[in-house]
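Chemist: To start, I am sharing the structure in question, which I have written as C-alpha cells.
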Amino acid sequence: MSETSPKLRAELDGIPTYKPGRPAAAGGPVAFKLSSNENPYPPLPGVMEKAVAAAGNFNRYPDMACTGLMNELADRFGVPVSHLATGTGSVGVAQQLLQATSGPGDEVIYAWRSFEAYPIITQISGATSVPVPLTSGDVHDLDAMADAVTDRTRLIFVCNPNNPTGTVVHREELERFLDRIPSDVLVVLDEAYREFIRDAEVPDGLEIYRSRPNVAVLRTFSKAYGLAGLRVGFAVAHEPVAAALRKTAVPFGVSQLAQDAAVASLQAEDELLGRVGALVAERARVYEGLVKQGWTVPPTQANFVWLRLGERTADFAAACEEAGVVVRPFPGEGVRVTIGESEANDIFLHAADAFRSRL
Ligand SMILES: Cc1ncc(COP(=O)(O)O)c(C=O)c1O
C-alpha cells in the first residue's frame, strides 16, 4: 500500500496561523506584556472565589445551555434569552457565525487591517475574503465596504472600535451604511472593546440590533471584564441567527468556571468598570504623551494605541522590548500597544521618546 497523507480540505492551504501577542520573557529583562490587549488587573477576589468553587466540580460537564449566564445577560442588556448565544470567547462566536452563514462561493467583507482572526476564520469556512482597505485615517471605509457587496456576500464584520487602530465609526455613518446593506446579509458589529468607549457619537450596537434583524452584536468578557484566560464571549442577535449559533456551538464549549466567573463579573460590574475608567485615563495620558513627542496617533477608543511605523516597525518593537515592554508589531505596517499598568505605560512612553529622538 502506498503511503499517502489523509486528505485535507484545500481551503486550509495557506491559512496564516493566528499569532498571539508574545509574552514577557521569563527571567529576561522584559517585565510587561502590552501585546494582547489584555486587562492588566488581576481577577477580583469575588470573581476568583466563584471560579475556584466551580473548579471543585470539573469532573462534571458544564451547563451546556449556560442558563445562569444567559439569564444574567438577558437581565443586564434587556434582551430575550432567545436572542443570546455564548461561545469560547467572541472569536469562537465569530467562527460560529461564519459556520452558520458562509461556505465555498460566498463572500465575507471586512475592513483591513482589522482583527487578524477575520481572514483566518473566513478561509476556514471556505468562503472568500473581501478585505476593504481602511481610509488614510485608519478608519473603516463604510462606503467602500457597502460598494463591495455582491449577491454572494453573506457576512460583513464591522469592528468598532477597530483592532489594531482603535478608531471608531459613528452612529450616523453606521446607520447610513446599514441602510445600504441587503436585509439577507448579516452585519456583525464586533464590540470587543465596547466598555472603553467614551465618544458619545459611537453607537451601542445593542440599540442598533433591536430594529435591524440582519445585525448581530459580538461582545466578550476577555477585555474590560478581565476573563481572557477563561474564554467566554457572546452574541446578541435576532432569533434565526441566535438559534443558528446555538447549533454551530461546540458542545459544552464554555466551561463552568467561565460561566460562573462571567456571572460574578456582571454582578461586580461597578468595580470592574471602575478599573476600566482608570485604563481610559491612562489611555489619555499615553495618547497625549505620544502626541507631545511628535507621533501621529489615530484617536483611540479602545485599550490600545496604534503607531503606523511602516518599515521601522520591527526596530521600534525591539527597542520597546529592550526597555521592558513587549508590544505587538505588524511587520511593515505598525505597532499596537496595549494600555497597561502605569509603570508599563511609563516605560513605553520613555522608549517611544528615545526612539523618536534617534530618528
Ligand atoms: C476585535 C476583536 N474581536 C474579538 C476578539 C476576541 O476576543 P475573545 O475571543 O477573547 O473574546 C478580539 C481579541 O483580541 C478582538 O480584538
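The values are calculated or read from the model by the stated rules, or taken from the named source; none is laboratory data. On a predicted model such as this, the values are computed, not experimentally measured, just so you know. Note that we place each Cβ from the backbone using ideal geometry, even for glycine, and neighbour counts take in every protein chain shown.
Chemist: Kindly establish whether A258 is under 26 Å from P20 (Cα atoms), among the aliphatic types (A, V, I, L, M) and in the same structural domain as C159 (by the TED database).
Modeler: Considered against the rule, which asks whether it is under 26 Å from P20 (Cα atoms), among the aliphatic types (A, V, I, L, M) and in the same structural domain as C159 (by the TED database), A258 comes out as yes.
Chemist: While we're looking at this one, here's another question. Would you tally the residues in region 318-327 being out of contact with any Leu (no Cβ under 7 Å at 6 or more places or on another chain) and surrounded by 24 or more Cβ atoms within 10 Å (Cβ to Cβ)?
Modeler: Total meeting the criteria: 1.
Chemist: Then there's this: Exactly one of (1) touching a strand residue (DSSP E or B) at 6+ places or on another chain (Cβ under 6 Å); (2) on the phi < 0 side of the Ramachandran plot is unmet by D147. Its number?
Modeler: Condition not satisfied by D147: (1).
Chemist: In this structure, does G226 turn out to be on the phi > 0 side of the Ramachandran plot and out of contact with any strand residue (DSSP E or B) (no Cβ under 8 Å at 6 or more places or on another chain)?
Modeler: Yes: the conditions hold for G226.
Chemist: Also, I was wondering about something else. Can you name the residue in region 39-74 that is over 21 Å from Y193 (Cα atoms) and of a type in the set (D, E) and, of all such residues, is nearest to the ligand (Cβ to nearest atom)?
Modeler: Going through the qualifying residues, I end up with D63.
Chemist: Of all residues in region 329-348, how many are assigned to a strand (DSSP E or B) and not hydroxyl-bearing (S, T, Y)?
Modeler: The number of residues fulfilling the criteria is 6.
Chemist: Go through (1) modelled with pLDDT under 95; (2) surrounded by fewer than 18 Cβ atoms within 10 Å (Cβ to Cβ) one by one and return the number of the condition E49 breaks.
Modeler: For E49, the exception is condition (1).
Chemist: A74 is checked against (1) of a type in the set (A, V, I, L, M, F, W, C); (2) in contact (Cβ under 8 Å) with a residue 24 or more places away in the chain; (3) more than 28 Å from G126 (Cβ to Cβ) and fails just one. What number does that condition carry?
Modeler: For A74, the exception is condition (2).
Chemist: Do we have F304 as in contact (Cβ under 8 Å) with a residue 12 or more places away in the chain and not assigned by the TED database to the domain that holds Q96 here?
Modeler: yes
Chemist: Additional query: Examine region 182-192 for a residue that is surrounded by fewer than 22 Cβ atoms within 10 Å (Cβ to Cβ), in contact with a Lys or Arg (Cβ under 8 Å, 6 or more places away or on another chain), more than 23 Å from T88 (Cα to Cα) and not basic (K, R), and state whether such a residue exists.
Modeler: Yes, there is a match, as at least one residue in region 182-192 is surrounded by fewer than 22 Cβ atoms within 10 Å (Cβ to Cβ), in contact with a Lys or Arg (Cβ under 8 Å, 6 or more places away or on another chain), more than 23 Å from T88 (Cα to Cα) and not basic (K, R).
Chemist: Of the residues R358, R285, only one is modelled with pLDDT under 95 and among the basic types (K, R); which?
Modeler: R358
Chemist: Here's a follow-up. Within region 81-117, can you find the residues that are within 11 Å of the ligand (Cβ to nearest atom), more than 28 Å from T135 (Cα to Cα) and assigned to a loop (DSSP other than H, G, I, E, B)?
Modeler: Within region 81-117, T88 is the sole residue that qualifies.
Chemist: A follow-up question, please. Out of the residues in region 278-328 meeting the condition of being of a type in the set (V, I, T) and part of a helix (DSSP H, G or I), tell me which one is farthest from the chain's Cα centre (by Cα).
Modeler: V291
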